[in-house]
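As structure tokens, the structure follows; a few thoughts come after it.
The values are calculated or read from the model by the stated rules, or taken from the named source; none is laboratory data. Note that the structure is a prediction, hence the values are computed from the model and not measured. Cβ atoms come from the backbone with ideal geometry, glycine included; neighbour counts cover every protein chain shown.
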Amino acid sequence: MDVRPGDILRMKKPHPCGSQTMYVIRSGMDFKLRCTGCGREFMVPRNKIERHIKQVLREKTDEINSI
């Protein structure tokens, strides 16, 4: 699964605060996520979080070739 820092993850189950969206701060073997509802940051192993992702929201970036 292609998850990059800066992505927003919509999860199948909500965080205890009620929010279902998480902001990706760091990705690798572990993900460092920030809850968009309460702002809490936490680390989760990749294999655990990938099972709970419902949707990856990514802003489209316009790549402009500068000369």
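For segment 26-35, what are the residues that are surrounded by 13 or more Cβ atoms within 10 Å (Cβ to Cβ) and either in a strand (DSSP E or B) or modelled with pLDDT of 95 or more (or both)?
Hits for segment 26-35 are 30, 31, 32, 33, 34, 35.
Kindly indicate whether residue 58 is modelled with pLDDT of 95 or more and not aliphatic (A, V, I, L, M).
No.
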